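These notes are about the structure you will find just below.
The values are calculated or read from the model by the stated rules, or taken from the named source; none is laboratory data. Given the structure is predicted, the values throughout are model-derived calculations rather than measurements. The protein model used for the area step is the full one, side chains on, heavy atoms only, and it has no ligands, DNA or RNA in it. Shrake-Rupley method; radii C 1.70, N 1.55, O 1.52, S 1.80 Å.
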Amino acid sequence: MPRFEARVFYGGLLVAAPALLALLGVFVFGLPQGRWTVVVLATVVVLTLMLARWHRRRAIFPLYTLSSLIEALRQGDYSLRGASDSVLGDMIDDVNRLAERLQDERLAFEESSYLLSKTLAALDSAVFVFDQDRRLRLMNPAGQQLLDADKHRVFGLRAEELGLDALLNAPSSQAVAHAFPGRSGRFEVRRAPLRSGGRGGQLLVINDVGRVLREEERLAWQRLLRVLGHEVNNSLAPIQSMADTLASLAAREPLPDDWREDFRSGLEVIGKRAGALSRFLSGYSSLARLPMPQKREVDLAELVGKAARLQQRCAVEVEPGEALTVHADPDQIEQALINLIRNAAEAAPAAGAEVRVRWRCEEARVLIEVIDNGPGPPRSDNLFVPFFTTKPGGSGIGLALVRQIAEAHEGGVSLTTREDRPGAVATLWLPVASAQAVTRA
């Protein structure tokens, strides 16, 4: 029998003991006469009341302790513990374990809340949480800056009062132009439904894409100016040096006998460096001046063969393929193929160079592949980024121009490593709607 139940049981017997003893005495000795009857009855009543009060305290006080522990749990105070050797035994242990679990869960919740608040505070994105009535319930510092308002003043306001109602109704994952009290520009808006306590809500995340684009633009200008400055200085330095040499030679009196030859060779150097600089700058300008493609029906085999014949560094093998007519701008596609073939020829070894071109239809695309036996493409994610190059003296516009041409034709380009042997595979593809199979005459 549990201790508390035993205490109640034996305490109840003890309370009844005076009455039972008095009843036993009546049976054994008979009922006392006269005033002794009153004395006995009074004694029995007094002892019973004293024992009842004593028993009540022993039975009720442990329940008071249990009630206090449960009330502390209800009030959120999980630090109180009951004595493990209490008469309530297992019940007190269960309450203690419950308090420990609730305390651990509260600590985990507070740590998670602190981590969440720090994470939200570190985000550049503005985060807003609205309840089912579209009233603001949570906002991070970036959102506070966007609204240019104290958070305590805007909490509880409806979305339309904050000027965010249109963004909550707009499709998610789209960029919109919007003017906030704290900033204006282009923003990416993302929405997601929330549910808390059985009630719905909305999560609104706003990213300032304009700032990111401006930073990327700044970095692009830095790369452009760095490359242009390097190449221009490489050409201007020998031109200036040669011009100074010719000026010094012209100032000599009398002129040396071979002055004509010196002047001719100096002017040739100046002309070559000026021509190289002009070609370099025109290559860069082609990225900005690429016109819209003027598409027409073009024989793909003829186009590939023409681009392959223009490569003089090594022989280019053109594999026979399916007869296709491509709906594209022949000049732009030819320029893209020339760039890919030139890159392959420059990557191939001088002795035993292998450059092949082939094409085929695959699912919804027409693929043109340029294959070489060079060392393979470098490990970089910037191969198609303008001005990025791994070749000494490279301009970094060849692959960027190819990608721009391909995307203008609703296609794409990739550069991967060969699977059968060392080398690279450059693949230019067009959508199947841009090519039709024809029968050879």
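Of note:
- Nearest-10 value in Å² for the accessible area of H152, using the 1.4 Å probe: 140 Å²
- Accessible surface of the range 57-145, 1.4 Å probe, proportion on carbon and sulfur as whole %: 53 percent
- In this structure, the amide hydrogen of N140, modeled 1.01 Å from its nitrogen in the peptide plane, lies closer than 5 angstrom to those of V127, counting only residues at least 5 positions away or on a different chain.
- In this structure, the amide hydrogen of A149, modeled 1.01 Å from its nitrogen in the peptide plane, lies closer than 5 angstrom to no residue at least 5 positions away or on a different chain.
- Amide hydrogen neighbours beyond the local backbone of R418, cut-off 5 Å, H modeled: G423, A424, V425
- Hz values of 3J(HN,Hα) by residue in the range 340-353 - Karplus curve (6.51, -1.76, 1.60), Gly and Pro given as x: 5, 5, 5, 4, 5, 5, 6, 7, 5, x, 4, 9, x, 5
- Rolling a 1.4 Å probe over the protein heavy atoms leaves T43 with an accessible area of roughly 70 Å².
- Rg over Rh, two decimals, the range 103-159 (C-alpha only, Kirkwood Rh): 1.05
- Overall form of the range 39-127 per C-alpha gyration tensor (a/c, 1.5; a/b vs b/c): prolate
- Karplus 3J(HN,Hα) series, Hz, for the range 47-56 with 6.51 cos²θ - 1.76 cosθ + 1.60 (x for Gly, Pro): 4, 5, 5, 5, 5, 5, 5, 4, 5, 4
- Residue-by-residue Karplus 3J(HN,Hα) for the range 98-105, coefficients 6.51, -1.76, 1.60, Hz, glycine and proline x: 4, 5, 5, 5, 5, 5, 5, 5
- Cross-link partners for K118 among the aspartates and glutamates, with Cα-Cα distance under 17 Å and sequence neighbours closer than 8 places in the same chain left out: E110.
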